Structures are given as structure tokens and as C-alpha cells.
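Here's the structure we're looking at; comments come further down.
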Amino acid sequence: MKIWTSEHVFNHPWETVAQAAWRKYPNPMNTAVIGTDVVERRVDDNGVLHTHRVVSSQWYFPKWAQAIIGTAKVCYASERSTVCPKEKTMTLQTNNITFGKFVSVDEVLSYSPHPTDPSKTLLRQEATVKVDGVPLNHYMEDMLTKSISFNASKGRQGLEWVINRINTEVNDLATSAAKSTGELFTQTRRLIDDTTDSARKSMDELQAQTQKIRI
């Protein structure tokens, strides 16, 4: 059995990182993940969001490993997560379904505000890898652990990519709202000017008619 741990600090507040974590896939850095499907989602009495998703991905084993445990075009994993807005914590627990007879990969990711800087987010990540019932099991555990470490780096890059995308969307929305407000102000001002001109013209015509009657 192999245990891998890691910590990483995002220079973004927890709310931003948590939102990006939901929208993490697809992204150009983690092309192996091809889809996520929500199985169950509920909010408990304490306001904690519980979600169960199935993650579809592609695992690329060397041919010698495929000869031992088999092959699969699409691999599936179960992901159970909790999000507590009050405590500002988000935890995701993932374990593989495919190849479960021989390989067990249990991964836990935890997002929380940085203990000394609330404007940043701390990610704690741990993975436990276990291979049983096949030859070269220790070698396969090492191989999978190295793959997890490499993919974790790409996962952090993918999350930054999603955060940048969210920030762009927010800026575009703000620009669009400002533009719409400006257009509404212009249209309103034009309507007021037109109404004022019309009223002034009517008053001028009324005064002219009154003078004719007096004459």
C-alpha cells in the first residue's frame, strides 16, 4: 500500500475555488476526465450540501499491466462530496469502480480558507493506493502513485484555468450590465428630451392660437 499527500495554496478566496471545483471538468489540462454525472444531491438540516457523482475517465496502463488486470475504454470512479458554506469547507472523496477487483485508489481533497490568510485557499490532498492479487503489485502501486502526483499538478493548473474563466465571465457580465445601463440611460434621456420638445412645441402652438383669438 502507498500513501501520497500534498498541500497547495491558491491565491483566491474559498468561495471562488469551491465554485471552480464544481466546474473543473472539462478543462484542457485534465483531458483524461471525459465526464461527470450527478447521482444524488441533497442539503441536510445543517445546510451542508451532499453530492454523489460518477466520474468518467481514461486510464492509460502499459501493455504489461493491461495483460494482468485487463483493459477498459472508459473507467469510472465514485465521488462523494460535502460543502459547508457556514464553515467554508469542501471535501471530495473519490474511489475507483473500474478494476476494483485488483486496484484500489482512494483519494480525499479538502478545500478550506488558509489559516493565516482568509483571502487564500488551502488544498489538502491525500491518496491511498493498494494493488492486490496480481504480480508486481508493489511496482504497480509505485506507478499509480507517480501518476496521481503528476495528475494532481495538472489538476491544480486546470482549477486555475477554470478560475480565470469564471473571472472573465464576471468581468464580461459587469461590462454588459454597464453597457445596458448606459444604453438605458441614453434611451431614457432621449425620451425625456423628445417629450420635453413635444410639450414645448404644443405650448408654443397653444400660445400662437391664443394670440390669434385675441386679435
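Values in this text are rule-based calculations from the coordinates and carry no lab data. None of these values were measured; they are calculated from a predicted model. Because the Cβ atoms are built from the backbone with ideal geometry, glycine has one as well, and the counts that use them run over all protein chains shown.
Some points to look at:
- Here the convex hull built on the C-alpha positions of segment 22-64 has a volume of 99 cubic angstrom per residue.
- Which listed pairs, of K2/K101; K73/K146; K24/K101, have C-alpha distances above 26 Å, in listed order: K24/K101
- Each Lys and Arg adds +1 at its Cβ and each Asp and Glu adds -1 at its Cβ; summed about the Cα centre, segment 1-134 shows a dipole of about 360 debye.
- Principal semi-axes in Å for segment 1-95 [√(5λ), Cα gyration tensor, largest first]: 29, 16, 14
- Sequence-ordered 3J(HN,Hα) estimates for segment 45-61 from the Karplus curve with 6.51, -1.76 and 1.60 and θ = phi - 60° stand at 5, 8, x, 8, 8, 10, 9, 10, 10, 10, 9, 9, 8, 10, 9, 10, 8 Hz, glycine and proline given as x.
- Simple Cβ-charge dipole of segment 131-170, Lys/Arg +1 and Asp/Glu -1, about Cα centre, in debye nearest 20: 180
- When its C-alpha radius of gyration is set against 2.2 N^0.38 Å (N residues), segment 1-50 gives a value of 1.51.
- Long-range HN-HN contacts of W59 with modeled amide H, under 5 Å: C75
- Placing +1 on the Cβ of every Lys and Arg and -1 on the Cβ of every Asp and Glu, with nothing else charged, gives segment 76-178 a dipole about its Cα centre of roughly 60 debye.
- Cα-based Kirkwood hydrodynamic radius, segment 21-164, one decimal, Å: 16.6
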